[in-house]
Amino acid sequence: MSRRDRTVSRSTRHHTRPPHGQGLGARSVITEALDGVGARPGRLVVTVLGTVTGIAALVLTIGLGQTAGGQLASHFDAISSTHAEATAAVAAGADGAEHPTAEIPRDALARLDGLAGVEAAAVLGEVDIGTDPITAVPIHDPSMPETLAPPVVAAEGDLLGAVSGRLARGRFFDAGHSARGDRVAVLGRDAAASLGVGDVASRPSIFLGGHAYAVIGILDAVDIQPNLLGSVIVPLAAARRDYPGATAARVELKIAVGSASVVAHQVPIALAPNSPDDFDVAAPAEPTQFEGAVRSDIDLVFVAIGIITLLAGGLGIASVTMLGVSQRRGEIGLRRALGATRGQIAAQFVLESVVVGLLGGVIGAALGVFVVVTISLVQGWTPVLDLGMTLGGAAAGGVVGLLAGGYPAIRAALIEPVEALRAASG
């Protein structure tokens with residue numbers, strides 16, 4: 001007995017011909033479908049692999065997209081979303097040029113102290129020292145080539161906290177230095193290199209014109225305002241005494257995550273209660289907006305990749321099911337001869353495809369979740385998994401099986417019993 005004949009015999013072993021027109025019962029259709037799924041293990045494995053690949057790719061890409069979006073948003077929150085800057089608004093003057101409409105008040109830091117969302121604040125202003133040289137020694141040697149002096153910045157308050165700065169050596173001047181107007185300076189690392197200052201242990205001095213400033217620290221890095229690395233930073237009170245034109249031009253703020261809108265509203269009122277429009281606050285977009293935009297873009301790309309892979313798996317199911325219809329023409333003809341209707345034949349093949357799709361969907365969803373969690377653990381990320389997407393991925397396998405098995409099922413239902421039995425016997 002041939003393999004095909006054994007398959008036909010096994011498929012119809014427990015069935016007798018029902019009365020004409022009744023067909024076979026639903027239980028018989030389900031039994032035959034499950035027998036058809038398990039009768040060819042090799043073909044089952046190949047078909048399931050296509051669905052497993054598609055569903056796993058869909059769950060994996062969306063899961064990694066959401067996880068990556070969360071990581072990128074968290075990095076953004078840690079730096080950019082915690083910084084704001086307040087400056088005076090500008091308006092056109094009589095000369096046609098733009099001028100500030102107000103000045104940063106001298107008690108700006110006191111006004112901002114304790115304001116909701118403000119974690120650190122500092123006032124800054126550039127100091128115009130004219131043609132005065134900046135040197136590390138009070139000797140002017142005409143034979144030495146002229147070099148561009150580093151800019152001088154006057155500051156007051158917690159500048160390190162406001163710009164997320166870190167010192168390489170020494171310390172930063174504090175409220176006591178500012179209150180006394182001490183001539184001390186902190187050099188950015190680039191400014192220190194240009195002035196030849198490499199250490200602060202011996203309290204070296206630099207000379208701004210004829211004024212000696214003791215260097216007490218060297219700034220190594222900043223997350224905000226990188227131009228400070230090439231600047232000489234001095235207390236605002238000392239700059240105002242030595243250069244009366246020195247003023248505060250802006251307020252640098254470190255703010256709590258999610259407080260941007262509150263800070264942008266409150267800071268102008270604190271600085272100028274009677275005319276808050278005189279000040280502008282550059283605050284970042286809300287983290288939720290940024291996070292949503294990033295995740296939408298990443299999810300769109302990854303979903304497209306997952307869908308393409310899933311379609312490939314569906315085509316695999318359709319191809320294998322079509323091949324199964326061709327190989328089982330004898331079985332189909334015999335079942336039709338025993339009374340099975342066209343609808344029951346179609347239902348059998350559709351049910352086989354749905355079972356295969358569901359099996360692949362469950363395995364693929366589980367595999368996708370496992371890979372996302374594994375990659376997140378290796379990278380030290382927090383895995384982000386949508387439970388609805390995971391369960392939906394498993395169900396999507398069944399939908400893919402249903403769609404993929406539709407056309408082959410119709411082809412099987414249209415096979416005439418006589419032609420099928422003649423082809424099987426031939």
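The values are calculated or read from the model by the stated rules, or taken from the named source; none is laboratory data. The structure presented is a predicted model; accordingly, all values stated were derived computationally and were not measured. When we count neighbours, we look across all protein chains shown, and the Cβ atoms used for this are built from the backbone with ideal geometry, even at glycine.
Set side by side, the residues SER353, SER326 differ, and just one is out of contact with any helix residue (DSSP H, G or I) (no Cβ under 7 Å at 6 or more places or on another chain) and assigned by TED's automatic domain parsing to the domain that holds ILE55, which is SER326. Suppose the filter is among the hydrophobic types (A, V, I, L, M, F, W, C), assigned to a helix (DSSP H, G or I) and under 49 Å from the mean Cα position of the chain (by Cα); does LEU334 pass it? Spelling it out, it is not the case that LEU334 is among the hydrophobic types (A, V, I, L, M, F, W, C), assigned to a helix (DSSP H, G or I) and under 49 Å from the mean Cα position of the chain (by Cα).
Each residue in the range 96-118 was checked for being assigned to a strand (DSSP E or B), at pLDDT below 90 and either closer than 13 Å to THR247 by Cα or under 33 Å from the mean Cα position of the chain (by Cα) (or both), and 1 pass. Given the criteria buried (at least 21 other Cβ atoms within 10 Å of the Cβ), more than 33 Å from the chain's Cα centre (by Cα) and not in a helix (DSSP H, G or I), does ALA409 qualify? For ALA409, the condition - buried (at least 21 other Cβ atoms within 10 Å of the Cβ), more than 33 Å from the chain's Cα centre (by Cα) and not in a helix (DSSP H, G or I) - is not met.
Exactly one residue out of PRO284, PRO268 is modelled with pLDDT under 70 and in contact with a strand residue (DSSP E or B) (Cβ under 8 Å, 6 or more places away or on another chain): that is PRO284. Counting the residues of the range 396-410 that are among the hydrophobic types (A, V, I, L, M, F, W, C) and within 13 Å of GLU352 (Cβ to Cβ) gives 3. When we screen THR309, THR382, THR321 for residues that are outside any helix (DSSP H, G or I) and modelled with pLDDT under 80, the only hit is THR382.
Any chance the range 229-241 includes a residue that's farther than 22 Å from ALA175 by Cα, in contact with a strand residue (DSSP E or B) (Cβ under 8 Å, 6 or more places away or on another chain) and modelled with pLDDT of 90 or more? Yes, the range 229-241 contains at least one residue that is farther than 22 Å from ALA175 by Cα, in contact with a strand residue (DSSP E or B) (Cβ under 8 Å, 6 or more places away or on another chain) and modelled with pLDDT of 90 or more. Screening the range 333-350 for residues that are of a type outside the set (S, T, N, Q) and out of contact with any helix residue (DSSP H, G or I) (no Cβ under 6 Å at 6 or more places or on another chain) and picking the one that is surrounded by the fewest Cβ atoms within 10 Å (Cβ to Cβ) gives GLY343.
Restricting attention to the range 199-229, the residues being of a type in the set (D, E, K, R) and either closer than 14 Å to LEU160 by Cβ or in contact with a helix residue (DSSP H, G or I) (Cβ under 7 Å, 6 or more places away or on another chain) (or both) number 2.
Pairing residues of the range 388-409 that are outside the structural domain of LEU358 (by TED's automatic domain parsing) with residues that are of a type in the set (D, E, K, R) and crowded, with 17+ Cβ neighbours inside 10 Å, at Cβ distances under 9 Å and at least 6 apart in sequence or on separate chains, gives no pairs at all.
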